[in-house]
1. Kindly list, by first and then second residue, each pair from a residue in the stretch 318-333 that is crowded, with 22+ Cβ neighbours inside 10 Å to a residue that is in a helix (DSSP H, G or I) and of a type in the set (A, V, I, L, M), limited to pairs with Cβ atoms under 7 Å and residues at least 6 apart or on different chains.
2. Can you say whether VAL260 is over 17 Å from GLU38 (Cα atoms), of a type in the set (A, V, I, L, M, F, W, C) and in contact with a Phe, Trp or Tyr (Cβ under 8 Å, 6 or more places away or on another chain), as far as the supplied structure shows?
3. Hey, any hits in the stretch 217-227 for a residue that's under 30 Å from THR81 (Cβ atoms), surrounded by fewer than 23 Cβ atoms within 10 Å (Cβ to Cβ) and more than 15 Å from the chain's Cα centre (by Cα)?
4. What number of residues within the stretch 251-310 are charged (D, E, K, R), over 24 Å from GLY55 (Cβ atoms) and touching a Ser or Thr at 6+ places or on another chain (Cβ under 6 Å)?
5. Kindly establish whether ILE43 is at negative phi and either modelled with pLDDT under 95 or out of contact with any strand residue (DSSP E or B) (no Cβ under 7 Å at 6 or more places or on another chain) (or both).
6. Name, by its number, the condition in (1) in contact (Cβ under 8 Å) with a residue 12 or more places away in the chain; (2) in a loop (DSSP other than H, G, I, E, B) that does not hold for GLU127.
7. How about the stretch 231-264: which of its residues are free of Cβ contacts under 8 Å to residues at least 24 places away in the same chain and more than 25 Å from GLY87 (Cβ to Cβ)?
Amino acid sequence: MKKAISLLLSAVMLAAAFAGCSTQQTENKELVKLTVSEVTHSIFYAPMYAAINNGYFEENGIEVELVNAGGADKVMTALLTDAADIGFAGPEAVIYVAAQGKEDYPKVFAQLTACDGSFLIGRQPAENFDWQSLRGATILPGRKGGIPYMTLEYCLNKNGMEVGKDVFFDDSISFNAMTGAFVAGTGDYVTVFEPGATDLELQGKGYILASVGEEGGRVPYTTYFANGDFLAENSGLIQRFTNAIYKGQQFVINSTADDVAAAIADSFPETDVSVISAVVQRYKDIGAFSDSGIMMKEDFDRLCAILENAGELSAKVNFEDIVDNSYALNSIK
């Protein structure tokens with residue numbers, strides 16, 4: 001009996017040793033580095049930062065290097081010049097390239113946010129903001145042809161106002177410089193992403209008046225895309241990347257704002273965690289976070305309508321030519 005127990009213990013210890021060795025090999029396995037060019041750095045992208053800080057990418061054998069491009073056009077430039085592996089911006093960047101007739105254009109493989117994440121900032125508070133109060137005003141809207149610009153224009157048209165006639169856009173200022181220009185006295189209003197919008201309020205230099213996303217409706221606002229050849233050669237890697245993003249999305253959807261703030265705080269070291277929590281809740285309230293990477297065709301069609309409304313879509317593009325939902329669907333499975 002003692003001999004049997006001894007043999008059993010030896011077998012258990014041997015199995016544990018093998019398990020420990022296997023774990024060590026997994027931990028020591030070299031991660032594949034992916035460079036992601038992000039359109040801007042914002043709490044609006046909380047699911048991605050949660051995936052990074054919670055170790056979801058590492059679980060999938062990936063190390064993510066984020067590079068802030070400061071605009072969707074610059075993200076696309078980085079992708080097309082091989083300065084980045086994955087682009088992270090509005091899908092309009094892909095639509096424009098595809099509409100130009102480029103053969104090997106990038107393709108969207110996952111969606112992160114479901115509406116515009118910017119907020120309209122004014123110089124004076126307004127408890128009951130009315131879009132009609134913008135008549136005659138000058139707004140800093142971002143780059144012409146960019147989704148922030150076009151969604152704001154869509155909101156104004158929806159409220160019976162025409163840009164250049166009823167309200168005026170100053171698009172001469174780059175995306176990353178708009179907040180500073182507004183604080184310096186340029187324009188009457190500006191659209192700002194978080195945490196910039198809340199920071200302006202805390203400093204008493206601006207006041208949040210309205211959510212552009214809430215007024216504009218659901219659209220595939222921010223997405224991940226890669227060149228066709230990169231997708232073909234690295235389908236397994238892209239799938240693991242999408243799996244990590246999906247896990248980050250589920251974490252944000254199913255967690256409290258405080259828990260999300262704690263998870264992504266390291267990505268915003270200059271912002272108080274209480275502010276991060278308030279911003280996350282604000283985005284949750286307007287349904288800004290997608291619960292998966294799947295893009296819906298009706299949302300894509302609404303985006304195309306916004307592009308057409310702005311006069312930026314020169315040729316019709318098909319949903320199936322721009323979007324590959326297979327990775328997002330597999331991540332759910």
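1. Short answer, once both residue conditions are applied: ILE322/VAL94; ILE322/ILE95; ILE322/ALA98; TYR327/ILE238.
2. Working: over 17 Å from GLU38 (Cα atoms): yes; of a type in the set (A, V, I, L, M, F, W, C): yes; in contact with a Phe, Trp or Tyr (Cβ under 8 Å, 6 or more places away or on another chain): yes.
Criteria met by VAL260.
3. Among the residues of the stretch 217-227, at least one is under 30 Å from THR81 (Cβ atoms), surrounded by fewer than 23 Cβ atoms within 10 Å (Cβ to Cβ) and more than 15 Å from the chain's Cα centre (by Cα), which makes the answer yes.
4. Total meeting the criteria: 0.
5. yes
6. Only one criterion is unmet by GLU127, namely (1).
7. ASN254, SER255, THR256, ASP258, ASP259, ALA261, ALA262
Yes/no matrix, rows are residues, columns are (1) free of Cβ contacts under 8 Å to residues at least 24 places away in the same chain; (2) in contact with a Ser or Thr (Cβ under 6 Å, 6 or more places away or on another chain); (3) farther than 17 Å from ALA137 by Cβ:
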| position | (1), (2), (3) |
| --- | --- |
| LYS165 | yes, no, no |
| PHE182 | no, no, no |
| PHE193 | no, yes, yes |
| ALA197 | no, no, yes |
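The values are calculated or read from the model by the stated rules, or taken from the named source; none is laboratory data. Predicted model only: the values in this text are computed from it and were never measured. Neighbour counts run over all protein chains shown; Cβ positions are idealised from the backbone, glycine included.
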